[in-house]
Amino acid sequence: MGSLGSILPLVLLVVVFYFLLIRPQRKRQQESVKMQNSLTPGTRVMTTTGLFATVVTVDNEDVILEVAPGIETRWVKAAIGRVVTPGDAPVEDEAVVDDEPVADVADEVKTEDVKDETKNGDSSTKQS
C-alpha cells in the first residue's frame, strides 16, 4: 500500500503533462500537416520565416511559390506556416513618413538645454 502512495503522484504528473503539453502539441502538428497537404495553386501562404507568397505548383513534398511576378522559389511543404486570408494580408502603404528631419528635432533639444542653463545661472560657459 505504501509503494502505491509513492507512485501515485508520479502517475498524476505524467497524466497532467499529457493533457497540458503532449496532446495539444500533437493536435497542432496534425492540423499543420493537414493544411500543408491541402495546398492548391493560387493559395496565398506565409512561410515559417515570414515570407508571403502564392502557391504556383505542388509537387510531392515540394511547393513552388511565387514571391513576386516572375520570381518563383522552391520550398518544402513543412516550411509553409499558414494560409493567408485576404483580411490577413499586410497593408503596403500603412507607414507615414515624417517630413521633418531628425536633425531639426535634435537641434531644438540642444537649444532648449542652452536656454535652461542660462535661466538657472549656470556659469560653466563664462570665462574669467
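Just to be sure, is Thr49 open to solvent by 40 Å² or more (accessible area, probe 1.4 Å) and assigned to a loop (DSSP other than H, G, I, E, B)?
In short, yes.
Would you check which residues across region 61-85 are part of a strand (DSSP E or B) and of a type in the set (Gly, Ala, Ser) and list them?
Ala68, Gly81
Restricting attention to region 7-57, report how many residues are among the small types (Gly, Ala, Ser), in contact (Cβ under 8 Å) with a residue 12 or more places away in the chain and over 13 Å from Ala79 (Cα atoms).
Within region 7-57, residues that are among the small types (Gly, Ala, Ser), in contact (Cβ under 8 Å) with a residue 12 or more places away in the chain and over 13 Å from Ala79 (Cα atoms) number 1.
Quickly run through region 34-57 and pick out the residues that are aliphatic (A, V, I, L, M) and either at pLDDT 95 or above or within 19 Å of the chain's Cα centre (by Cα) (or both).
Val45, Met46, Leu51, Ala53, Val55, Val56
For region 62-77, enumerate the residues that are under 20 Å from Arg28 (Cβ atoms) and open to solvent by 70 Å² or more (accessible area, probe 1.4 Å).
The one that is under 20 Å from Arg28 (Cβ atoms) and open to solvent by 70 Å² or more (accessible area, probe 1.4 Å): Val76.
The values are calculated or read from the model by the stated rules, or taken from the named source; none is laboratory data. These figures come from a predicted structure and were not determined experimentally. With ideal geometry, Cβ positions are generated from the backbone for all residues, glycine too; neighbour counts draw on all protein chains shown. The protein model used for the area step is the full one, side chains on, heavy atoms only, and it has no ligands, DNA or RNA in it. Shrake-Rupley method; radii C 1.70, N 1.55, O 1.52, S 1.80 Å.
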